[in-house]
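The values are calculated or read from the model by the stated rules, or taken from the named source; none is laboratory data. Computed from a prediction, not measured in an experiment: that's the story for all the values here. A quick note on method: Cβ atoms are made from the backbone with ideal geometry, for glycine too, and the neighbour counts reach across all protein chains shown.
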Amino acid sequence: MGQGQYSASRVRKIPVLRRKMWLYLGVTLVLPFAGFALAWFLFPRLGIDPAFTGFAGILLIPAQALGILMWFPAQNRLVKLARSNGGLVCIYCGYDLSSRLTSDVCPECGKAISDEEAQSAWKVFVPDV
């Protein structure tokens, strides 16, 4: 894949990737700042020196990096599955559609998706589908 493989415009076309992106961004952005705010208000009430609040914030920075780094393997797993199955992966839940018989409904999430629709959506990541 070339540059921009994980650009937002490409991810937007596949709902399962978009959901995962927002989940990991939420983990990386909201939780550390919530912990920092909690430490900011809780430390003085517990009698802990407020100087440790900044230290607590610094400790939460690796959590942000971890969340960002966790998103790429999750996305890569789905892209590899789409590549190995000819793009027959549900764009709503990530289920492998290559084993379904004739129905145009995903057995995992119950949403209607044809083989052509799945393949055309995954084409942005797997051009040879």
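Side notes on the structure shown:
- Search result, residues across the range 74-88 that are in a helix (DSSP H, G or I) and either at pLDDT 80 or above or among the β-branched types (Val, Ile, Thr) (or both): Asn76, Arg77, Leu78, Val79, Lys80, Leu81, Ala82, Arg83, Ser84
- Only one of Asp115, Asp128 that is among the charged types (D, E, K, R) and touching a helix residue (DSSP H, G or I) at 6+ places or on another chain (Cβ under 9 Å): Asp128
- Scanning the range 98-122 for residues that are surrounded by 14 or more Cβ atoms within 10 Å (Cβ to Cβ) and at pLDDT below 85 yields one hit, Arg100.
- Boolean, Ile61 is at pLDDT below 85 and either of a type outside the set (Gly, Ala, Ser) or within 17 Å of Pro15 (Cβ to Cβ) (or both): yes
- Residues of the range 90-102 that turn out to be free of Cβ contacts under 8 Å to residues at least 60 places away in the same chain and either assigned to a strand (DSSP E or B) or touching a strand residue (DSSP E or B) at 6+ places or on another chain (Cβ under 9 Å) (or both), as a count: 4
- Under the condition of being under 12 Å from Ala63 (Cβ atoms), more than 11 Å from the chain's Cα centre (by Cα), surrounded by 14 or more Cβ atoms within 10 Å (Cβ to Cβ) and aromatic (Phe, Trp, Tyr), the residues counted in the range 19-48 number 1.
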